[in-house]
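Trainee: Below you'll find the structure I mean.
The values are calculated or read from the model by the stated rules, or taken from the named source; none is laboratory data. Model, not experiment: these values are computed from the prediction. In this analysis, Cβ positions are derived from the backbone assuming ideal geometry, glycine residues included, and neighbour counts consider all displayed protein chains. Only protein heavy atoms, including side chains, enter the accessible area calculation; ligands, DNA and RNA are left aside. Shrake-Rupley method; radii C 1.70, N 1.55, O 1.52, S 1.80 Å.
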Amino acid sequence: VQERRLAADLEAGARGAIARDEMVGESPAIKEAERLIAKAAPTGATVLLVGESGTGKEVAARLVHRLSGRSGPFVPVNLGAVPESLAESELFGHEKGAFTGADARRQGLFELAKGGTLFLDEIGELPANMQAKLLRVLETGEFRRVGGTQSLASDIRFVAATNRDIDALVKRGEFRSDLYYRLNVLPIYIPPLRQRKEDIPALADFFLKKFCRETKKQLSGFTDAAMEHMLSYSWPGNVRELENAVELAVVIAKEHTIGHKDLLIGSSGSGQDEYRGKNLKEALT
């Protein structure tokens, strides 16, 4: 009975957290992702979020952190944006004098995330030398600052994410198989927007309200033509592209509702940037 009550409490907490963290939608694909997040979060297992760019993997990672009950911070790092020469110092920190320019001791992200969650975004971009060092941390729970001799405990929940085919990277020898198995304990697939098009109206309305608050504009919604346009578009940039499209539409809209022409997206199969380039100047006049 107690286990059932605990499961019910976790499920209720999950629904509330999901709403607060803006994981909007009722499609079977997104509800399955939410269900897995609710199950994975209370455990200490490493979670691997898999999905295309712009699908909302960081939102999912924040949910894992919130539902985990950990009191420390949520610390995200985009490994694809960290230069290879700085990756070790960025993650582990360094001691004073560890290398040229190290004028003082510096805490790395592993220390900053103590008691919380470290979100390793774009894990497929991690350099080969750092893959071995990350594996050691996952296996031992300890790390050292660059130039240091003291081992420090890593009280961290790891959540990783990738938009790359890690299986293919492993087969090509570009990603360590042992690290992959360590990271892929609880894989969760975050679906692209084209697989959850029934969520577009709710997502568009959510972003509309968000940007109306920010811009102090009062817009009542979308015209039927605008909604049809959004539903027929392929959204290669996924939820992030939808958010950007609605934000721009709120800025340039001249009527009380967002119309077809306010949505500077191409028809299905064509690029948004090309369409914007042709129509933004006209929309702003």
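Trainee: Quick one: in the stretch 88-131, which of the residues that are part of a helix (DSSP H, G or I) and either of a type in the set (A, V, I, L, M, F, W, C) or touching a residue at least 60 places away in the same chain (Cβ under 8 Å) (or both) is surrounded by the fewest Cβ atoms within 10 Å (Cβ to Cβ)?
Mentor: Ala128
Trainee: Taking the residues in the stretch 15-44 that are closer than 20 Å to Phe158 by Cβ and more than 17 Å from the chain's Cα centre (by Cα) as candidates, determine which candidate is modelled with the lowest pLDDT.
Mentor: Gly44
Trainee: Go through the residues of the stretch 55-64 one by one and say whether even a single one is open to solvent by 60 Å² or more (accessible area, probe 1.4 Å) and part of a helix (DSSP H, G or I).
Mentor: So far as the stretch 55-64 goes, yes, one or more of its residues are open to solvent by 60 Å² or more (accessible area, probe 1.4 Å) and part of a helix (DSSP H, G or I).
Trainee: I'm told Asp155 meets every condition in (1) more than 20 Å from the chain's Cα centre (by Cα); (2) within 20 Å of Arg62 (Cβ to Cβ); (3) modelled with pLDDT of 95 or more except one. Can you identify the failing condition by its number?
Mentor: Single failed check for Asp155: (3).
Trainee: Which residue pairs have Cβ atoms under 7 Å apart, sit 6 or more places apart or on different chains, and have a first residue in the stretch 137-151 that is over 12 Å from Phe92 (Cα atoms) and surrounded by 12 or more Cβ atoms within 10 Å (Cβ to Cβ) and a second that is at pLDDT below 85 and of a type in the set (A, V, I, L, M)?
Mentor: Pairs that qualify, where the first residue is over 12 Å from Phe92 (Cα atoms) and surrounded by 12 or more Cβ atoms within 10 Å (Cβ to Cβ) and the partner is at pLDDT below 85 and of a type in the set (A, V, I, L, M), are Gly141/Ala153.
Trainee: May I ask you to list pairs of residues, at least six apart or on different chains, whose Cβ atoms are under 8 Å apart, with the first in the stretch 67-80 being part of a strand (DSSP E or B) and the second being of a type in the set (Phe, Trp, Tyr) and surrounded by 19 or more Cβ atoms within 10 Å (Cβ to Cβ)?
Mentor: Phe74/Phe119; Val75/Phe119; Pro76/Phe119; Val77/Phe119
Trainee: Would you please name the residue that is most open to solvent (accessible area, probe 1.4 Å), looking only at residues in the stretch 173-220 that are among the basic types (Lys, Arg) and under 18 Å from Ser53 (Cα atoms)?
Mentor: Per the stated criteria, the residue is Arg194.
Trainee: Let me ask you something else. Given the options Leu10, Leu79, name the one that is modelled with pLDDT under 95, in contact with a Gly (Cβ under 9 Å, 6 or more places away or on another chain) and of a type outside the set (Phe, Trp, Tyr).
Mentor: Selected residue: Leu79, the only one of Leu10, Leu79 that is modelled with pLDDT under 95, in contact with a Gly (Cβ under 9 Å, 6 or more places away or on another chain) and of a type outside the set (Phe, Trp, Tyr).
Trainee: Something else now. Of the residues Val170, Val250, Val239, Val159, only one is open to solvent by less than 60 Å² (accessible area, probe 1.4 Å), touching a Cys at 6+ places or on another chain (Cβ under 8 Å) and of a type in the set (A, V, I, L, M, F, W, C); which?
Mentor: Val250
Yes or no, residue by residue, for (1) among the β-branched types (Val, Ile, Thr); (2) touching a Leu at 6+ places or on another chain (Cβ under 9 Å):
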{"site": "Asp167", "(1), (2)": "no, no"}
{"site": "Asp178", "(1), (2)": "no, yes"}
{"site": "Tyr181", "(1), (2)": "no, no"}
{"site": "Leu186", "(1), (2)": "no, yes"}
{"site": "Tyr189", "(1), (2)": "no, yes"}
{"site": "Pro192", "(1), (2)": "no, no"}
{"site": "Ile200", "(1), (2)": "yes, yes"}
{"site": "Leu203", "(1), (2)": "no, yes"}
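Trainee: Do we find that Ala45 is in contact with a Leu (Cβ under 6 Å, 6 or more places away or on another chain) and in a loop (DSSP other than H, G, I, E, B) in this structure?
Mentor: Judged against the criteria, Ala45 is a match.
Trainee: In addition: Is it the case that the stretch 242-255 has a residue that's of a type in the set (D, E, K, R) and either closer than 18 Å to Lys197 by Cα or at pLDDT below 55 (or both)?
Mentor: The answer is yes, given that some residue of the stretch 242-255 is of a type in the set (D, E, K, R) and either closer than 18 Å to Lys197 by Cα or at pLDDT below 55 (or both).
Trainee: Filter the stretch 69-87 for residues that are open to solvent by 30 Å² or more (accessible area, probe 1.4 Å), of a type in the set (Gly, Ala, Ser) and at negative phi and give the result.
Mentor: Selection gives Ser71, Gly80, Ala81, Ser85.
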